[in-house]
Amino acid sequence: MRLLPLCLLLLLSACASTPPAEPAAAAPAPKPEIAQPSEHTGTIAGAPWRLDVPANWNGELIVYFHGYAPQEQPIPEVMPRNGYEGWLFDAGFAVAQSDYSARGWSVAEALADSEALRRHVVGLLGQPRRTWAMGHSMGAHLVLGTLETHGQAYDGGLALCGANAPAEELFNGPVLGALAVFAHRYPGVLAPGGLFDPGTPRWPDAEKIEAALQSDEPFAARFGQVFGIPREGMAGGLVLRFAVLHELAERAGGVPVDNTQVTYGGFADAAALNAGVRRYEGNPAAVAYANARLRLTGQAARPVVLRANATDEVIPSQTSSRYLDLARNAGRGDHVFELPPVGAGHCRFPPGAEAEALSALRAWVLEGRHPGQANPAR
């Protein structure tokens, strides 16, 4: 079994016809004094960064936001490429990315680090013709936050396989809910005591989790349906949920979630489950810390394209879709469009799916071709 290594690998990792708000005026084609192709690295306020400019640079910049990285992963002195950039270079985009000044659920730090990098890159390149925000997983969450807080600096955003819900929903629902129900069904498998007991290892044993699931496959199937977790990869998905929640509690200085008023449904023995599942009362300061790090409201200043994976053991498609609901509630639904989900596994898209999503975003912004219109007007 390679469940835990797979999980660690993953870490690194209503259509409307109303046109979007007018994008930022296109600047003249930049004429950088730096060589093409070229790569540049450095550090800003403790955050390593890199900028790669291809030989066929089209004058447009992608600011890339990477996903969750565990605290155990050291911050490098020189940021390497992350492996997502190849097709972007081939298409002529320059790519700037920060490795962030902190690990874990470091969304506040990452937001500030990436904006500092964008400003720095403009000083190196001149003002790009267009600037796009793009990210995977936690990075997609950051793309949305960036378009809400620094949206005027961008022309649009691409949020892929994203944790696209407010932190309170994300951690109390898909994260804590799945862990609490699993721990009730299989006591001691995730942790000897409670999820937040002192001394509990941050990384539970994936093989023990898998063995528990195999002992009752009908329950595993129902559990997956309720929480949107495919059976393949379910153990790794639970490991990651546990590690992220445990790390967030350490950062917040207490229990950052609360399920004291939650009713868990969808199971045949729902009454017994709700009577027996362990309840966690959130520490007010810790809950406030977690919820205030990056508040998603749905008010992105620029057009956003979302794309989820068809099956995802880490982020259910309904979580990735959540930002569309937020935007509609904020009266900005015409600024967000979700492409059909594709691919099996967290951020595992088939060839061309990400490029298709970026092309849809650019056509929407630059040509007025809404992604949901079969025969859009030019």
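The values are calculated or read from the model by the stated rules, or taken from the named source; none is laboratory data. Small disclaimer: the values here were computed from a predicted structure and weren't measured. Heads up, the Cβs are rebuilt from the backbone with ideal geometry, glycines too, and the neighbour counts pull from every protein chain shown. Surface areas here come from the heavy atoms of the whole protein model, side chains and all, with no ligands, DNA or RNA. Shrake-Rupley method; radii C 1.70, N 1.55, O 1.52, S 1.80 Å.
Points worth noting:
- Selection within the stretch 280-305: residues that are charged (D, E, K, R) and at pLDDT below 95. The member of this set that is surrounded by the most Cβ atoms within 10 Å (Cβ to Cβ) is Arg293.
- Residue check for Ala275: closer than 19 Å to Leu176 by Cβ and assigned by the TED database to the domain that holds Phe196: yes
- Hey, Ala133 outside any strand (DSSP E or B) and surrounded by 23 or more Cβ atoms within 10 Å (Cβ to Cβ) or not: no
- Qualifying residue in the stretch 113-123 (condition: modelled with pLDDT under 95, in the same structural domain as Gly139 (by the TED database), of a type in the set (D, E, K, R) and open to solvent by less than 50 Å² (accessible area, probe 1.4 Å)): no
- Single residue of Ala327, Ala308 found to be out of contact with any strand residue (DSSP E or B) (no Cβ under 7 Å at 6 or more places or on another chain), under 25 Å from Trp105 (Cβ atoms) and either outside the structural domain of Phe242 (by the TED database) or surrounded by 22 or more Cβ atoms within 10 Å (Cβ to Cβ) (or both): Ala308
- Test: residue in the stretch 194-203 that is surrounded by 19 or more Cβ atoms within 10 Å (Cβ to Cβ) and at pLDDT 95 or above: no
- Residue check, Ala102 at pLDDT 95 or above, touching an Asp or Glu at 6+ places or on another chain (Cβ under 6 Å) and not hydroxyl-bearing (Ser, Thr, Tyr): yes
- Residue within the stretch 272-282 that is within 27 Å of Ala133 (Cα to Cα) and of a type outside the set (Ser, Thr, Tyr) present: no
- Check on Ala360, modelled with pLDDT of 95 or more, assigned to a helix (DSSP H, G or I) and in contact with a helix residue (DSSP H, G or I) (Cβ under 8 Å, 6 or more places away or on another chain): no
- Selection from the stretch 166-193 of residues that are part of a helix (DSSP H, G or I) and open to solvent by 40 Å² or more (accessible area, probe 1.4 Å): Glu168, Glu169, His184, Arg185
- Selection from the stretch 330-349 of residues that are surrounded by fewer than 20 Cβ atoms within 10 Å (Cβ to Cβ) and either among the hydrophobic types (A, V, I, L, M, F, W, C) or part of a helix (DSSP H, G or I) (or both): Ala330, Gly333, Asp334, Leu339, Val342, Ala344
- Qualifying residue in the stretch 307-314 (condition: under 15 Å from the mean Cα position of the chain (by Cα) and of a type in the set (A, V, I, L, M)): yes
- Among (1) farther than 23 Å from Phe349 by Cβ; (2) within 20 Å of the chain's Cα centre (by Cα) - the single one Phe65 does not satisfy: (1)
- Among the candidates Ala270, Ala288, Ala235, residue that is out of contact with any Lys or Arg (no Cβ under 8 Å at 6 or more places or on another chain) and closer than 19 Å to Pro166 by Cα: Ala288
- Yes/no for Gly228 being open to solvent by 30 Å² or more (accessible area, probe 1.4 Å) and outside the structural domain of Gly104 (by the TED database): no
- One residue stands out among those in the stretch 361-378 that are under 20 Å from Trp87 (Cβ atoms) and open to solvent by less than 20 Å² (accessible area, probe 1.4 Å): the one that is nearest to the chain's Cα centre (by Cα), which is Leu361.
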